[in-house]
Amino acid sequence: MSEATMDSGMVAMDQDSKPGFLKKKPLAILGALGALGYWGALMFTSGDMQTHLLNGFMYGFVFWLMATLGCLALSLIHHSIRSMWTLPVLRVFEAGSHPWMFVALAFFFMPVRTHMDKVYEWINPKSTDYVVKFKQAYLNQGFFDLRVLIAFLLLGGMSIYLQMSSRRQDKSKDESEAQLRSNVASPCIVFFALITTFLLTDIGMSLTPGWYSTMYPLWLIVGGCQTALTIGIWLVTSAANKAPYKDSMSPSLTKDLGNMMFLLTMLWGYTSVSQLIILWNGNLPDTAFFYAHRGVDAKLGWNYIGASTILGCFLIPFVTLLSPRIKMYHARLKKVAMFILVFRFVDVFWIIAASVPHREWDRAIPTLGDGLGVFFLGCVWFAILLSLMERQPLLPLYDNRLKEAKANAH
């Protein structure tokens with residue numbers, strides 16, 4: 001038996017035909033169990049060690065939060081336009097933005113919430129910091145908690161509504177469910193943009209409370225979509241010869257996936273350059289210091305990391321993905337996706353690690369705290385992702401366009 005079959009609402013799958021990435025679930029779960037000990041260390045250690053761990057943790061937290069938001073954004077786009085090219089990666093996006101992801105992120109944010117003063121300087125502003133004190137009506141702990149809670153509830157609500165409808169259609173094959181999702185997802189994109197603007201401003205941009213940028217939330221969302229798409233392409237192309245992907249994978253499909261990755265590469269370059277030009281031309285101390293601390297003011301490292309992201313996040317992928325032949329073959333596309341994913345880690349490190357308050361500006365070398373944060377949260381993220389994907393059909397059962405396209409290909 002080569003395809004997933006429905007059995008009492010659960011998905012049974014032949015072990016021999018199971019995609020290789022699902023077989024990695026025990027390792028991810030083992031890492032997730034270790035993450036509980038890491039959570040305890042974040043919560044209950046004290047002194048300099050706790051400050052070091054909490055500030056390093058923010059890098060991993062923002063990275064996997066961006067990946068989750070990217071999955072939800074791409075899911076909303078899929079259901080709005082009902083595209084065919086997103087079908088093989090749709091289950092990755094749905095699992096990556098499942099409400100359990102938001103629950104896990106909220107749980108691991110608890111140590112930061114408990115010790116906010118060790119991460120966010122606006123909790124106890126200096127008496128001379130008049131800019132931050134002026135923002136206290138917005139940047140205060142009670143209002144911060146309320147905004148983050150509402151954001152997680154609304155985003156989780158969007159996700160569960162769309163996924164429940166998708167599961168119902170898997171069973172009923174009722175086309176009206178797809179139209180209903182399209183009607184709901186389209187306006188939800190607008191609300192998603194508003195919610196994530198506040199969420200990323202609160203969690204990410206307020207790490208440097210005296211600085212502001214109108215491009216920052218969009219910049220991070222585009223990066224999160226890049227991360228989500230590269231993870232989806234990496235998983236799907238690594239199992240291209242296994243059911244159910246082998247009946248659907250075709251050069252035209254991988255070319256479409258590569259074109260979307262090319263589009264997000266251009267958007268990342270556009271948002272990055274736009275923010276730099278706006279802040280640099282403004283030439284205001286309150287905004288220009290974001291780049292100054294990562295450039296001429298940085299004695300070592302940050303400027304080189306920033307330069308590497310220009311090559312790794314934009315220039316090399318841009319030139320590579322111009323080639324149709326690379327996008328036509330899943331093995332080649334997988335390598336490009338993995339390359340971009342590596343530099344997504346570098347890019348978020350450059351943005352977040354240099355923004356945490358208790359870190360020397362001239363040290364761009366990743367610390368133990370940075371590594372633990374991104375590793376353990378990544379284990380939790382993939383443990384949830386793979387567990388959810390194993391319990392459901394890896395391709396939507398109600399949409400056969402991929403198989404039909406491959407069968408009728410010339």
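The values are calculated or read from the model by the stated rules, or taken from the named source; none is laboratory data. No experiment lies behind these values; they were computed from the predicted model shown. We place every Cβ from the backbone using ideal geometry, glycine too, and count neighbours over all the protein chains shown.
Scanning segment 31-57 for residues that are without any contact (Cβ under 8 Å) to a residue 24 or more places away in the chain and part of a helix (DSSP H, G or I) gives Leu33, Leu36, Gly37, Gly40, Ala41, Phe44, Gly47, Asp48, Met49. Residues in segment 296-314 that are surrounded by fewer than 16 Cβ atoms within 10 Å (Cβ to Cβ) and aromatic (Phe, Trp, Tyr): Tyr304 only. Within segment 32-65, the residues that satisfy the criterion of being buried (at least 17 other Cβ atoms within 10 Å of the Cβ) and touching a Cys at 6+ places or on another chain (Cβ under 9 Å) are Ala32, Ala35.
The set of residues in segment 63-106 being farther than 13 Å from Leu377 by Cα and polar (S, T, N, Q) consists of Ser75, Ser80, Ser83, Thr86, Ser97. From the list Met328, Met260, Met266, the one residue that fits, being in contact (Cβ under 8 Å) with a residue 12 or more places away in the chain and in contact with a Lys or Arg (Cβ under 8 Å, 6 or more places away or on another chain), is Met328.
Pairs linking a residue in segment 238-250 that is closer than 14 Å to Leu87 by Cα to a residue that is at pLDDT 85 or above and among the polar types (S, T, N, Q), with Cβ atoms under 9 Å and 6 or more positions apart or on different chains, are Ala240/Thr254; Tyr245/Thr237; Met249/Thr237; Met249/Asn241. Only residues that are at pLDDT below 95 and within 18 Å of the chain's Cα centre (by Cα) were counted in segment 173-195, giving 0. Each residue in segment 288-314 was checked for being among the aromatic types (Phe, Trp, Tyr) and closer than 16 Å to Tyr216 by Cα, and 3 pass.
Looking at the structure I just gave you, is Val119 within 16 Å of Val62 (Cα to Cα), among the hydrophobic types (A, V, I, L, M, F, W, C) and under 19 Å from the mean Cα position of the chain (by Cα)? For Val119, the condition - within 16 Å of Val62 (Cα to Cα), among the hydrophobic types (A, V, I, L, M, F, W, C) and under 19 Å from the mean Cα position of the chain (by Cα) - is not met. When Val184, Val222 are checked against the criterion of being surrounded by fewer than 18 Cβ atoms within 10 Å (Cβ to Cβ) and aliphatic (A, V, I, L, M), Val184 stands alone in meeting it. Looking at segment 136-153, which of the residues that are in contact with a Phe, Trp or Tyr (Cβ under 7 Å, 6 or more places away or on another chain) and not aromatic (Phe, Trp, Tyr) is modelled with the lowest pLDDT? Checked segment 136-153; the qualifying residue modelled with the lowest pLDDT is Leu139.
Would you check if there is a residue in segment 200-222 being more than 21 Å from Thr287 (Cβ to Cβ) and either not small (Gly, Ala, Ser) or not in a helix (DSSP H, G or I) (or both)?
Checking segment 200-222: not a single residue is more than 21 Å from Thr287 (Cβ to Cβ) and either not small (Gly, Ala, Ser) or not in a helix (DSSP H, G or I) (or both).
Do we find a residue being of a type outside the set (Phe, Trp, Tyr) and at pLDDT below 90 anywhere in segment 20-37? Looking for residues that are of a type outside the set (Phe, Trp, Tyr) and at pLDDT below 90, one finds at least one in segment 20-37, hence yes. When segment 344-384 is limited to residues that are assigned to a helix (DSSP H, G or I) and either among the basic types (Lys, Arg) or without any contact (Cβ under 8 Å) to a residue 60 or more places away in the chain (or both), the one that is farthest from Phe21 (Cα to Cα) turns out to be Trp350. Just one residue in the set Pro285, Pro244, Pro317 is surrounded by 21 or more Cβ atoms within 10 Å (Cβ to Cβ), more than 24 Å from Gly223 (Cβ to Cβ) and either modelled with pLDDT under 90 or not small (Gly, Ala, Ser) (or both); that residue is Pro244. Looking only at segment 320-348, residues that are of a type in the set (Lys, Arg), over 17 Å from Gly223 (Cα atoms) and buried (at least 21 other Cβ atoms within 10 Å of the Cβ) come to 1 in all.
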